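Remarks on the structure that follows.
The values are calculated or read from the model by the stated rules, or taken from the named source; none is laboratory data. Everything numeric in this text was worked out from a predicted model, so none of it was measured. Here the Cβ positions follow ideal geometry from the backbone for every residue, glycine too, while neighbour counts run over all protein chains shown. The protein model used for the area step is the full one, side chains on, heavy atoms only, and it has no ligands, DNA or RNA in it. Shrake-Rupley method; radii C 1.70, N 1.55, O 1.52, S 1.80 Å.
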Amino acid sequence: MTVTVHTPDLSAYRRPHGAARPDAPALSVRDLVLEYPDGEGRTLRALDEVSLDLAAGTFTALIGPSGSGKSSLLAVAAGLVSPTSGTVHVAGTELTALSRAARTRLRGERIGVVFQQPNLLPSLTAREQLELTVRLDPRATRADRRAARDRAQEMLERVDLGRQADQRPHQLSGGQRQRVNIVRALMGSPALLLVDEPTSALDRERSAAVVHLLGRLTREEGAATLMVTHDVEFLDAVDRTLTMVDGRLS
Ligand SMILES: Nc1ncnc2c1ncn2[C@@H]1O[C@H](COP(=O)(O)OP(=O)(O)OP(=O)(O)O)[C@@H](O)[C@H]1O
């Protein structure tokens, strides 16, 4: 099996938000269209003229029926899927104008992604999961590694996992694993945090805790967080709720 690890520019650790334009929204989407072939010679429009701005330090929920386009919007905003037309800017940089390699670099520097299931590596401790990107970067100096270790410990303490820093995923509960997953995505101080169904594997109490934690970290870190969710009961924790129906936002 081949494992490809994309290492970000270490400047993301040394100077958070780097050369980002301070006045630019963390995410700016304009007239986004994403079409897929439907297998019968026609096209299916997953995103239909979507426009959206997210400001730094705000927490936004994205809800809507199954198949309405929520994951598609997250994938395009993360630079994982190229739209049919329209533009995406992340912290002032036009993601949709970049080469694939430059898009991957921008993702490493400015975007954090949290998937449904915490995809943690079984053999690494909680702190090592957070340090991994820097540890794997051949350009990292000893000072970079030390800074990453300090930030990893600090981030774990901020989510009440300071005492679990040396534990491996199988020694953690589902809620603790999801907290490690979230702070790992914030390690490089991203401008934009994209979160896909973070509570799907958790019970009600732990789901509420994870959503409120995301709200707190969003404000503390100054990231813009966009969270796809089915859990409408926790929407009191977000600043804004967007609804997607048939590829359109309302
Ligand atoms: N790779 C693909 N190829 C073809 N069609 C796709 C592809 N990915 C998604 N679609 C279609 O695009 C539409 C939007 O899908 P998307 O996964 O974005 O919806 P969603 O709102 O996230 O759904 P869910 O809540 O069920 O996860 C759906 O009709 C889906 O079938």
Margin query: Out of the total accessible area of segment 17-124 (probe 1.4 Å, heavy atoms of protein only), what percent is carbon and sulfur?
Written below: 52 percent
Checklist line | segment 203-228-segment 65-92 distance, computed between alpha-carbon centres (Å) | finding: 21 Å
Note to self: Nearest 10 degrees is fine. How inclined is helix 100-110 to the longest principal axis of the chain, computing both from alpha carbons?
What the structure shows: 60 degrees
Next item on the list: With everything on Cα atoms, drop me the angle between helix 142-158 and the longest principal axis of the chain, reported from 0 to 90° to the nearest 10.
Entry: 80 degrees
Margin query: Output wanted: per-residue J couplings in Hz (rounded whole) for segment 164-169, from phi through Karplus 6.51 cos²θ - 1.76 cosθ + 1.60, θ = phi - 60°, x for Gly and Pro.
Written below: 9, 4, 9, 9, 8, x
Margin query: Please list, in order along segment 53-60, the HN-Hα scalar couplings obtained from phi with the Karplus expression 6.51 cos²θ - 1.76 cosθ + 1.60 (θ = phi - 60°), rounded to whole Hz, x for Gly and Pro.
Written below: 10, 10, 8, 4, x, 10, 10, 10
Check: In Å², what does the accessible area per residue of the chain work out to with a 1.4 Å probe?
Finding: 49 Å²
Checklist line | Amide H within-cut-off set for Leu242, under 5 Å, with H built and near neighbours excluded | finding: Ala61, Leu62, Ile63
Item checked: Under 5 Å, built H, 5+ apart or other chain: amide partners of Ala223 -> Gly57
Check: At a Förster distance of 41 Å, what's the computed FRET efficiency of His170 paired with Ala97, Cβ-Cβ distance as r, to 0.05?
Finding: 0.40
Note to self: Give me the dipole magnitude in Debye, nearest 20, for the chain about the Cα centre, with unit charges on the beta carbon: positive for Lys and Arg, negative for Asp and Glu.
What the structure shows: 1040 debye
Check: Direction-averaged shadow area of the convex hull around the Cα atoms of the chain, nm²?
Finding: 14.2 nm²
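When the accessible area of segment 148-218 is split by element with a 1.4 Å probe, what percent falls to carbon and sulfur?
40 percent
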